Each structure stands twice: as C-alpha cells, then as structure tokens.
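Here the structure comes first, spelled out in structure tokens, and everything after it is commentary.
The values are calculated or read from the model by the stated rules, or taken from the named source; none is laboratory data. Predicted model, so just to flag it, every value in this text is computed and none were measured. Here Cβ is always computed from backbone atoms with ideal geometry, including for glycine, and neighbour counts include all displayed protein chains. Areas reflect the complete protein model, heavy atoms only, side chains present, ligands, DNA and RNA absent. Shrake-Rupley method; radii C 1.70, N 1.55, O 1.52, S 1.80 Å.
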Amino acid sequence: MKVINTIAALKSLLEPLKLTQQKIALVPTMGALHKGHVSLIKIAQLQADVVVCSIFVNPTQFTDPKDLEKYPRPLEHDMKMLEDAGCNVVFMPSVTEMYPAPEEWHIDLGPAEFLLEGEFRRGHYQGVTQIVKKLFDAVNPDVAFFGQKDFQQVLMIKNMVAHFEMPIQIVSCPIIREDDGLAMSSRNIHLTEADRKNALVLSQALLFVKNNFSSLSVPQLLEEAKKLINETPGVELDYFTIANGETLLPEVDKSHHDIVALVAAKVGQTRLIDNMILR
Ligand code: PAF
C-alpha cells in the first residue's frame, strides 16, 4: 500500500495507470475508519483496478470549531485497517496542500442544500463539495464510493458532479450497522454506555417506519416514530422526516418511486444521523 501526501506525487503515480486504461476508484474519508469504510473499499475493489482511499479531516465542512477539534484521528489504526482491506493507495494530504491559500467557494447545489442537515449545519455542503471537488481533481477517478448513511451528502456530491459535468460515477453504498442496528459512524466512539443504548432508538424508529410503511399513513408513521424518539431519555430530536429521495422535501404520496426516512438527533453530546430507504 502506497502512502502519498502531495497532489503532485499522487498525479505522477496515477496518471500512467490511467493511460493504460486502468479503472481508478476513490473512497474519500476523514479517517477514524470502521467497518462501514471497509465495505466501501471492498465494493470499490469489485469495480476498479486501483482503489485510492483519502484521509483528510476537512476544516471547511465543520460548522462548529469544537467538532473539528475533537474529531478522532487514530492514524495507526486507520493504516492497519486500510492495509488489511487491501487498499492500494492512501492519499493523506496536509491542510496547506489542499488549501494553499484562502479561497471562496460557492456553487449552486440546488434547494435541497438548505434542508435537513443543511438547515442545522449552514454551509456544511459547500465545504463538503469543495473538498470532494479538490480530491476528484487530484485523483481523477472513474468512480467514487460514498456511504448511504450520509444520504444528503451523496445527493449534494451528485449535484456538484453534474454542475461541473465531471465524468465520474458516484456510487452510494449500503449502510453498515452494528448487530443491534446502530449505524456505524466515526462519531459513535463519543457515545457513553448510556448514550450507546439510547442511540438505538434511531434505527428502531426507522425500522418501525419501514415495517409499517404499507399499512399506516405518512402522518401516522411520523407521529409514532417521533414519539418513540422523544420518549427516549438523553435523545434530542432534530428532525425525523419521510422525504422524496431526490428533493428531500416531505413526501406524502406513498406511491412515489423514491422515498426515504431520515433522522438526526443529539444523543448525549453526540449528534447522529441515520436513514432507511422505503421505496
Ligand atoms: O463523509 C465524509 O467522511 C466526508 O464528508 C468526505 C466525503 C470525506 C468529505 O470530507
């Protein structure tokens, strides 16, 4: 496994491979890797010749400086996970490598940018798309893999790719869950033992909605799911919605082909998100 820190070194490694028609996959991460990330690498390996994984804690997507400061950075553990997963190249640039000078970034990501996570974390998706564009420019991948857990992020990245007409396929990969249903996340390490138990209500509420989708109306589903969450101690609900998977606007027409339930809540001191595709 090659570890690369600069864009120039990365380009000189990957460009000759591109010329020999090798298919390059990118798995962008912020490190603190878990089985969810490994699953992205495994899926990438099935679809490409070379898998590049980036580790970069991107400052421009953090709307709370404290969140950035406490973001976990277990480098040795990450390297071992990538090595064991059979990753070919790790791209681990410094902040100055990715942001040599201050720069303004604003692109039109469509109205869904300001809903859900975008409402609670203003500017978050500008930061995400800014770094993903830089990573795409550095790696020039044919295909890039993201976790469905960040459902809105995948949508925003697809919109960014469409905006720049980039010839990159964006693949959304299934959420990987712990045995008890908790969606894997780098933030889970911040959960106390009590939070860890309380956090289960998020996947339980989503599962309730999925299991009762055909028998209950959307308002009934929402009422029951929110009740479940609001009755759980230590859990503060930000939103629970049943939405159109393309616009993220609330969906009441259950026959629509693309419907997803999304939730965000603060569990103790940790903000978690999760979702389940209903149709
Ligand atoms: O999902 C993440 O880990 C980050 O938002 C990403 C896509 C690597 C951009 O920093």
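So, residue 149, is that one closer than 23 Å to residue 235 by Cβ and modelled with pLDDT of 95 or more or not?
When the stated conditions are applied, residue 149 passes them.
Condition (residue is more than 20 Å from residue 264 (Cβ to Cβ), modelled with pLDDT of 95 or more, touching a helix residue (DSSP H, G or I) at 6+ places or on another chain (Cβ under 7 Å) and not acidic (Asp, Glu)) applied to segment 177-198: is it met by at least one residue?
No, because not a single residue in segment 177-198 is more than 20 Å from residue 264 (Cβ to Cβ), modelled with pLDDT of 95 or more, touching a helix residue (DSSP H, G or I) at 6+ places or on another chain (Cβ under 7 Å) and not acidic (Asp, Glu).
Is one or more of the residues making up segment 117-131 out of contact with any helix residue (DSSP H, G or I) (no Cβ under 7 Å at 6 or more places or on another chain) and closer than 22 Å to residue 33 by Cβ?
no
Please indicate, with yes or no, whether at least one residue in segment 201-208 is more than 14 Å from residue 264 (Cα to Cα) and either open to solvent by 90 Å² or more (accessible area, probe 1.4 Å) or at pLDDT 95 or above (or both).
Narrowing segment 201-208 to residues more than 14 Å from residue 264 (Cα to Cα): 207-208.
Imposing the further condition that a residue be either open to solvent by 90 Å² or more (accessible area, probe 1.4 Å) or at pLDDT 95 or above (or both) reduces the set to 207-208.
Checking segment 201-208: at least one residue is more than 14 Å from residue 264 (Cα to Cα) and either open to solvent by 90 Å² or more (accessible area, probe 1.4 Å) or at pLDDT 95 or above (or both).
If you go through segment 63-88 one residue at a time, how many are more than 18 Å from residue 10 (Cα to Cα), buried (at least 18 other Cβ atoms within 10 Å of the Cβ) and within 15 Å of the ligand (Cβ to nearest atom)?
2
Please go through segment 41-60 and give me each residue that is part of a helix (DSSP H, G or I) and crowded, with 21+ Cβ neighbours inside 10 Å, ordered by number.
Hits for segment 41-60 are 41, 44.
Sort through 32, 44, 25, 9 and tell me the only one that's more than 10 Å from the ligand (Cβ to nearest atom) and touching an Asp or Glu at 6+ places or on another chain (Cβ under 8 Å).
After applying the criteria, what remains is 25.
Kindly establish whether residue 213 is farther than 29 Å from residue 56 by Cα and aromatic (Phe, Trp, Tyr).
On the way: farther than 29 Å from residue 56 by Cα: yes; aromatic (Phe, Trp, Tyr): yes.
Criteria met by residue 213.
Which pairs have Cβ atoms under 7 Å, sit 6 or more apart or on different chains, and link a residue in segment 108-130 that is within 12 Å of the ligand (Cβ to nearest atom) to one that is modelled with pLDDT under 95?
Hits for this filter: 121/63; 124/63.
I'd like the residue in segment 89-131 that is open to solvent by 60 Å² or more (accessible area, probe 1.4 Å) and assigned to a loop (DSSP other than H, G, I, E, B) and, out of all such residues, is nearest to residue 250 (Cα to Cα).
In the first step, residues of segment 89-131 are kept if they are open to solvent by 60 Å² or more (accessible area, probe 1.4 Å); the result is 95-96, 100, 102-104, 106, 108, 111, 114, 119-120, 122.
Those still in the list that are assigned to a loop (DSSP other than H, G, I, E, B) too: 100, 102-104, 106, 108, 122.
Working: 100: 40, 102: 37, 103: 35, 104: 32, 106: 26, 108: 21, 122: 20 Å.
Among them, the one singled out is 122.
So, in segment 135-155, of the ones that are assigned to a helix (DSSP H, G or I) and near the ligand (Cβ under 10 Å from one of its atoms), which residue ends up most open to solvent (accessible area, probe 1.4 Å)?
150
What tally of residues in segment 113-127 results from selecting those that are within 12 Å of residue 62 (Cα to Cα) and among the aromatic types (Phe, Trp, Tyr)?
Looking only at that region, the number is 2.
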